[in-house]
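So the structure is just underneath, and the comments pick up after that.
The values are calculated or read from the model by the stated rules, or taken from the named source; none is laboratory data. Please read all numbers here as calculations on a predicted model, not as lab measurements. Glycine gets a Cβ as well: all are built from the backbone with ideal geometry, and neighbour counts include every protein chain shown. With ligands, DNA and RNA removed, areas are computed over all heavy atoms of the protein, side chains included. Shrake-Rupley method; radii C 1.70, N 1.55, O 1.52, S 1.80 Å.
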Amino acid sequence: MFNKDRWNEILEALTANKFRTLLTAFGVFWGITILVLLLALTNGLKNGATVEFNDFATNSILTWSQGTSMAYKGLPRRRRFSYKLNDIEALKTEFPEIKYASPRNKLGGYRGENNVIRGTKIGAFGIYGDYPDYINQEPMDILEGRFVSYSDIEAKRKVCVIGIDVITGLYDKDEPVIGSYIEINGVNFMVVGTFKKPNSQGDAEEDANTIIIPFTTFNQAFNQGDRIYYMVITAYDAYDITELKESIFGFLKVRHTVHPNDMSALGHRDQSLDFKKMSGLFQILSVVGYFVGALILLSGIIGISNIMLISVKERTKEIGVRRALGATPWEIKSQILQESLILTIISGMTGVAFSAGIIWLMNYVLNENGPVQNFANPSVGLQVVFIAFSILVVSGLLAGLIPANSATKMKPVDALRIE
C-alpha cells in the first residue's frame, strides 16, 4: 500500500484509457448515489410522518364516549353518555400500569366563531381544559412563564397558557404577554405562560392557535359539570397500551352501563398501534432502498470486473515480463485487486459526497420555503456512510478477484509469447 512505484503503476493503468475508466466508475458512483438518496428520502418521509404525531407519547390511547348501539339493562339503544371526572381516578386505581390519565375538554375552534377578546382585538381559538400531566403526554415548549399547575386545578384559578399565534392575533409587537388578561366567552383569564409545539407540522396552525386553561376552571366557567370531552391514557414503557386497552374499555363499559359487546359506544385512537404500523412501513422502505441501491451498485461492480478483465488481457505481455523477472503470483494479484479497490472506493465516495450535496440542497430548500407535509429533514446517519464504505471495499475486492486470478494463472512463457 505504501510502495510509490506500485501507486505509479496503478495510476498509469487507470489513466491509460481515461474515458473507459470514467464510464466504469460512473456505474459505482451512480449506485452509491441512488442508495444514499433513497435512504435519505425514506428518512425524510419517516421524519415527516413522525412529526404528525406532534411528539405525542406513542404508548397512549385517546378515548371518547359515543352513542350506544345496543340496549342493555333496561337502557335504550342510541343512548348518549359522557365520561366523568371520577373515571380518571378509578382507572388509575384499577390499572397500576397506567402512567398518566388526563381528561380534556374543548370549547370552540381556531376557525370557528370569535370567542376571545382582548381590548379591541377579537379572535377565534381552540380552548382546552387540561390537567398538568397533559404536558408529559403531548410535550410543549414553554417559551415564557409556566404551564397550568395542580394548585391552579385545586383553586380553580382563571389562568391560561396561550399558543404563539394567539399572541400574534391579540397582541402588538413587543407588548408584554405574561400577566395580561384575555376574555374567553365573557370570562377573564390571566395569561401565565406561552408555548409552541416542538417540530410542529400538519396541525401546526391549530396547535399555535390554542389556549389552555385548568380543567376544573374550564368546567366551572363553561358549565360542564364533571363531564369529560375525551381522555388521554398513557401506560408505563414496560406495558403495551394496545394490550391494555380492551381491559380498560371493559372497565369503562361497566362503569357506564354499556353492553360488553357494544363496539360503537367508546371511540378511540390507538397512538401506539398507529406508530407501530408507521415504523414497520418505514423499515420496509429502508430495506427496499438498500435492495434497489444494491442492485444498481451490483451493475457497476460487474462493469468494473469486466473492465479489469479487459485491462489484464491488454497487459498480458507486461504480466509475463514481471513474472519472468521474479514477481510472485501474490504481487500480481495484489496489484489487480488494489487497482479495482481504488477505482471502486474513489468512485463510490464521490457518489457519497455528491448525494450529501443533494441532501443539503433539499434541506436548504425546505428551510427556505417552509416544511412540506409528511416530509421533513431528509438525512442519513454516519452509520450509512460506514456501511457504504464497507460495501465499496467488499465490492472492490470481489470485482478484482476474477481478473486477479486470471492474471496469476498465466505462465510467464505463454504470456511473453502473445503478441
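Some points to look at:
- A 1.4 Å probe, protein heavy atoms only, puts the accessible area of Leu297 near 10 Å².
- For the residues Phe354, Phe195, a 1.4 Å probe over the protein chains yields an accessible-area ranking, largest first, of Phe354, Phe195.
- Mean separation of Cα contacts under 8 Å (6+ apart) over length of the stretch 106-219, as relative contact order %: 36
- Remark on Tyr83: its backbone amide H falls under 5 Å from those of Ser65, Ile228, a criterion applied only to residues 5 or more positions apart or on other chains, H modelled at 1.01 Å from N.
- Take Ser102: with every protein chain present and a 1.4 Å probe, its accessible area is about 0 Å².
- Taking 7 Å steps out from each Cα toward its Cβ at Ala71 and Val288 produces label points 5.1 nm apart.
- Most to least accessible of Arg269, Arg79, Arg146, Arg104 (protein chains only, probe 1.4 Å): Arg269, Arg146, Arg79, Arg104
- FRET efficiency for the pair Leu298 and Asp237, taken as 1/(1 + (r/R0)^6) with r the Cβ-Cβ distance and R0 = 45 Å, rounds to 0.60.
- Lysine pairs meeting the criterion (Cα under 19 Å, 8 or more apart or interchain), as found in the stretch 106-219: 6
- For Tyr229, solvent-accessible area (1.4 Å; no DNA, RNA or ligand), Å²: 120
- Accessible heavy-atom area order of Phe189, Phe389, highest first, probe of 1.4 Å: Phe389, Phe189
- Computed about its Cα centre, the charge dipole of the stretch 106-219 is approximately 300 debye, with only Lys, Arg, Asp and Glu carrying charge at their Cβ.
- Percent accessible area from carbon and sulfur atoms, the stretch 106-219, protein chains only, probe 1.4 Å: 46
- At full extension, Glu183 and Arg255 could sit 22.2 nm farther apart than now, given 0.36 nm per residue minus the alpha carbon distance.
- Solvent-accessible area per residue for the stretch 141-274 (1.4 angstrom probe, square angstrom): 46
- If the chain linking Tyr364 and Glu175 were pulled fully straight, counting 0.36 nm for each residue of separation and taking away their Cα-Cα distance, it would gain 64.8 nm.
- Rounded, prolate or oblate (a/c below 1.5 giving rounded, otherwise prolate when a/b exceeds b/c) for the stretch 164-284 by Cα gyration tensor: oblate
- Extension gain (nm, one decimal) between Thr120 and Asn306, 0.36 nm per residue minus Cα-Cα: 59.1 nm
- Over the stretch 106-219: Rg over Rh, Cα atoms, Kirkwood Rh: 0.92
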